[in-house]
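See below for the structure under consideration.
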Protein chains: 2
Amino acid sequence: MNNFDFCSSTYFAFGKGKEKEVGKLVKKFGGSKVLIHYGGGSVVRSGLLDKVKTELTNMNISFIELGGVKPNPILGLVYEGVELCKKENVDFVLAVGGGSVIDSAKAIAAGAVYDGDVWDFYDKGKEVEKSLPLGTILTIAAAGSEGSGGSVITNENGMLKRSSCYDVPVAKFSIMNPELTYTVSKYQTACGAVDIMAHVFERYFTNTEDVEITDRFCEAVLLTMIKEVPVAIENPEDYGARSNIMWAGMVAHNNICGVGRGQDWASHRLEHELSGMYDVAHGAGLAVMFPAWMKYVMNHDVNRFAQFAVRVWGCKMNEENPEETAKEGIAKYEMFLKSIGMPTRFKDIDAKEEDIPAMIQKILLYCSSVGNFVKLEPEDMEKVYKLAL
Amino acid sequence: MNNFDFCSSTYFAFGKGKEKEVGKLVKKFGGSKVLIHYGGGSVVRSGLLDKVKTELTNMNISFIELGGVKPNPILGLVYEGVELCKKENVDFVLAVGGGSVIDSAKAIAAGAVYDGDVWDFYDKGKEVEKSLPLGTILTIAAAGSEGSGGSVITNENGMLKRSSCYDVPVAKFSIMNPELTYTVSKYQTACGAVDIMAHVFERYFTNTEDVEITDRFCEAVLLTMIKEVPVAIENPEDYGARSNIMWAGMVAHNNICGVGRGQDWASHRLEHELSGMYDVAHGAGLAVMFPAWMKYVMNHDVNRFAQFAVRVWGCKMNEENPEETAKEGIAKYEMFLKSIGMPTRFKDIDAKEEDIPAMIQKILLYCSSVGNFVKLEPEDMEKVYKLAL
């Protein structure tokens, strides 16, 4: 196990009706003038936004609004939010929505108290040293942004999708009511599930030895997802399934499953260019990239992939030929993806082989290789992309 | 899944050499005058205490000391610590040791800023509303006190062992260097392991439905312990085993394994009277009580015990007779306890059948029944104790 520092300081208020505590929680964490940040019409239509405003008003907390966040949130709207916060002396940012909204809110919270360009945190890897306090009301189980320091923003100028991950813009509180995810479509539920499982894979496939406790935590999340996701897709209002998935999404990415171990993140980098170029859901892009990545890197540590197959997918260990077991695990994962309606190939998302060089070029603007479990050079990236054709 | 609030705000600095960061961390959390609280001679002999003093001095942090904490920490020393803090204007309590030291330090930290009697927090269930900030340097993997709000103190006046569990005296930081546990004896290592697994059992055996994610987290800790504890007992300087056990001990009790589910805690109550009366190690007492409790309550939910047997102990499910599977799981747990040198019966710890009524009487001073998975009335308590004979 590697040395590590870990602090997951977010206050989680989880369960039915918990959104009613938003006013109390904003006050607890020092907010008096709030920017409510949200996406499209669903939080309006569902009445959630009105509820939030009522609760804030009841606690004598004033607020302004900025809606319009779309999947793959863009820098333009972040700039708008930053300006708004500065102009209106906002002292608290409240994200109401899914990962895109929370990521955008994190950027705004950091940018609002930064003298330079907020894009520095994403493009230049500049560390976020301070931010406005942030709260979230989560409406989609997927990105885990409600409990993590991560944020992914796309700069429309060149469609550059970049991430920032520091401790500062971690939410002070996150309200997680599984009922709020009842209206998430089957497709988006599946995309979210893929994202959650991918956050675990990035941590699970490691070269670090002696990591049994986090191996088991990773497997715990995956086993939960395998059981609960089909239930939630079959019956969107199954509270048990929705609640297990929602909490799994948080623990998959607040790093309790990843402490003390090297992590990979190549597939996320490869996927970012895919969804950056085609504007496909992140989860769908990951469903295309991960099986390909697994096949490409499997022989780097067959035993780890065999363990994955046995512990997560219930495969029988083939002691004489662990490679067969490893392959079987990957095949079962791919079958699971298909069973929940996910794409697994370029053609399923209308991605094109001829765009591969351009995607690699975009990655190379940022770094010369990706991944840690296996370091992928440009020629490897090409091979992984091609395995996804 | 039940509604819940969860916040585990401790900053964990984990790994080799991390105790060198103590000065930096005390300063980060606002300490300038520290009470160093510790137990017997081991932290002196090992040189750890000197290292800590050097690091504090290097950061221009002044300190005073209070040693002498013993297993089953007593109220008398807590009073002494509280007086010392008030008299010397201490603004930070640093626990250097295991669960007993940390529990004692929590009581001191809470008592130092309380006008009444600190025992109120334990005997009367009074909520701790504020405390001095607390840091820990952990030297034994067992109690999980480094990441929890819990604290158990024994009042020598009547040998009343009582617990307090609120959010306030949670450590601001905990330094966890697995190397510091190399000198923990085989017996104490096993006692710690029993305690860690017991913290999971108290959460695992629940009546709450739809708790797959926390079921799996509980099982993750147990599977890790089953693998790593024998390794650490065989080779006390196995860093991999020690590090997995140390982190497992924290997650077993910071409630990440217990959120959203009813918890039991009968066995802990029954055990407290055992170790309160005989001054036996808490872990050894739990090793005696838990198999007995499991046998007594098993039929309340055979399927849960069968799941425990299959997922944790690798038993084959007997679909026609799940009770047999459930029993097999309990038997395997008992065999595991014996294999790591733990007592499992009253006679192994020189406890006496004739003391059972007195132990039950002490429990009844505090509450009329114990447990939640199964509510144990006095007559049930007697039967459980007798199953441990």
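Tally time: how many residues in the range B:38-58 are touching an Asp or Glu at 6+ places or on another chain (Cβ under 8 Å) and not in a helix (DSSP H, G or I)?
1
Would you confirm, using the coordinates I've provided, whether A:Val288 is in a loop (DSSP other than H, G, I, E, B), farther than 30 Å from B:Ala13 by Cβ and away from chain B (no Cβ under 14 Å)?
When the stated conditions are applied, A:Val288 does not pass them.
Go through the range B:125-151 and give me each residue that's over 15 Å from B:Gly39 (Cβ atoms), aliphatic (A, V, I, L, M) and within 10 Å of the chain's Cα centre (by Cα).
Within the range B:125-151, just B:Ala141 meets the criteria.
Please work out which residue is farthest from the other protein chains (Cβ to nearest Cβ), limiting yourself to the range A:250-280 and to residues that are among the small types (Gly, Ala, Ser) and buried (at least 24 other Cβ atoms within 10 Å of the Cβ).
A:Ser275
Which of the numbered conditions does A:Thr325 fail, given that it passes all the others? Conditions: (1) touching a Cys at 6+ places or on another chain (Cβ under 7 Å); (2) more than 30 Å from A:Glu234 (Cβ to Cβ); (3) not hydrophobic (A, V, I, L, M, F, W, C).
Unmet condition: (2).
Which members of the range A:227-241 meet the condition of being touching a residue at least 60 places away in the same chain (Cβ under 8 Å) and more than 9 Å from chain B (Cβ to nearest Cβ)?
Scanning the range A:227-241 gives A:Val229, A:Pro230, A:Ile233.
Among the listed residues B:Leu223, B:Leu286, identify the single one that is crowded, with 24+ Cβ neighbours inside 10 Å and modelled with pLDDT of 95 or more. Explain how you work it out, then say what you get.
Values: B:Leu223 fails: crowded, with 24+ Cβ neighbours inside 10 Å.
Every option except B:Leu286 fails the conditions.
Look through A:Val101, A:Val44, A:Val69 and report the one residue that is among the aliphatic types (A, V, I, L, M) and surrounded by fewer than 24 Cβ atoms within 10 Å (Cβ to Cβ).
A:Val44
Please go through the range B:362-387 and pick out each residue that is in a helix (DSSP H, G or I) and within 22 Å of B:Ala284 (Cα to Cα).
B:Lys362, B:Ile363, B:Asp380, B:Met381, B:Glu382, B:Lys383, B:Val384, B:Tyr385, B:Lys386, B:Leu387, listed by residue number.
Condition check: within 25 Å of B:Ile175 (Cα to Cα), touching a residue at least 12 places away in the same chain (Cβ under 8 Å) and part of a helix (DSSP H, G or I). Does B:Ser267 satisfy that?
Criteria not met by B:Ser267.
Give the residue, chosen from A:Pro178, A:Pro169, that is at pLDDT below 95 and surrounded by 24 or more Cβ atoms within 10 Å (Cβ to Cβ).
Going through A:Pro178, A:Pro169 in turn, just one is at pLDDT below 95 and surrounded by 24 or more Cβ atoms within 10 Å (Cβ to Cβ): A:Pro169.
Return only the number of the condition from (1) modelled with pLDDT of 95 or more; (2) over 16 Å from the mean Cα position of the chain (by Cα) that B:Thr189 does not satisfy.
With respect to (1) modelled with pLDDT of 95 or more; (2) over 16 Å from the mean Cα position of the chain (by Cα), B:Thr189 is out only on (2).
Does the range A:196-221 hold any residues that are β-branched (Val, Ile, Thr), under 22 Å from A:Gly99 (Cβ atoms) and more than 8 Å from every other protein chain (Cβ to nearest Cβ), and which are they?
Answer for the range A:196-221, where residues must be β-branched (Val, Ile, Thr), under 22 Å from A:Gly99 (Cβ atoms) and more than 8 Å from every other protein chain (Cβ to nearest Cβ): A:Ile196, A:Val200.
Condition check ((1) surrounded by fewer than 20 Cβ atoms within 10 Å (Cβ to Cβ); (2) of a type in the set (A, V, I, L, M, F, W, C); (3) in contact with a Lys or Arg (Cβ under 9 Å, 6 or more places away or on another chain); (4) modelled with pLDDT of 95 or more) across all residues:
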{"position": "A:Val312", "(1), (2), (3), (4)": "no, yes, yes, yes"}
{"position": "A:Glu323", "(1), (2), (3), (4)": "yes, no, no, yes"}
{"position": "A:Lys338", "(1), (2), (3), (4)": "yes, no, no, yes"}
{"position": "A:Gly341", "(1), (2), (3), (4)": "yes, no, yes, yes"}
{"position": "A:Pro357", "(1), (2), (3), (4)": "yes, no, no, yes"}
{"position": "A:Leu365", "(1), (2), (3), (4)": "yes, yes, no, no"}
{"position": "A:Leu376", "(1), (2), (3), (4)": "no, yes, yes, yes"}
{"position": "A:Leu387", "(1), (2), (3), (4)": "yes, yes, yes, yes"}
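I'd like to check something: does the range B:83-93 contain any residue that is of a type outside the set (Ser, Thr, Tyr), in contact with a strand residue (DSSP E or B) (Cβ under 8 Å, 6 or more places away or on another chain), surrounded by 21 or more Cβ atoms within 10 Å (Cβ to Cβ) and in a strand (DSSP E or B)?
So far as the range B:83-93 goes, yes, one or more of its residues are of a type outside the set (Ser, Thr, Tyr), in contact with a strand residue (DSSP E or B) (Cβ under 8 Å, 6 or more places away or on another chain), surrounded by 21 or more Cβ atoms within 10 Å (Cβ to Cβ) and in a strand (DSSP E or B).
Any idea how many residues of the range B:1-57 are among the small types (Gly, Ala, Ser), away from every other protein chain (no Cβ under 14 Å) and over 20 Å from B:Ile140 (Cβ atoms)?
4
Just one of the numbered conditions (1) within 20 Å of A:Arg216 (Cβ to Cβ); (2) part of a loop (DSSP other than H, G, I, E, B) is not true of B:Asp210; which one?
Exception for B:Asp210: condition (1).
From (1) in a helix (DSSP H, G or I); (2) buried (at least 23 other Cβ atoms within 10 Å of the Cβ), pick out the condition that doesn't hold for B:Val96.
Unmet condition: (1).
For the structure I just gave you, tell me whether B:Lys106 is of a type outside the set (Val, Ile, Thr), under 21 Å from A:Cys7 (Cα atoms) and under 14 Å from the mean Cα position of the chain (by Cα).
yes
I need the full set of residues from the range B:333-359 which are under 20 Å from B:Phe201 (Cβ atoms) and not in a helix (DSSP H, G or I), in order please.
B:Ile340, B:Gly341, B:Met342, B:Pro343, B:Thr344, B:Arg345
Being β-branched (Val, Ile, Thr) and without any contact (Cβ under 8 Å) to a residue 60 or more places away in the chain is the filter here, so list the residues in the range B:44-68 that pass it.
Step one: list which residues in the range B:44-68 are β-branched (Val, Ile, Thr), which gives B:44, B:52, B:54, B:57, B:61, B:64.
B:Val44, B:Thr54, B:Thr57, B:Ile61, B:Ile64 - these are the residues of the range B:44-68 that are β-branched (Val, Ile, Thr) and without any contact (Cβ under 8 Å) to a residue 60 or more places away in the chain.
The values are calculated or read from the model by the stated rules, or taken from the named source; none is laboratory data. All values derive from a computational prediction rather than experimental measurement. Virtual Cβ from ideal backbone geometry, glycine too; neighbours counted across all protein chains shown.
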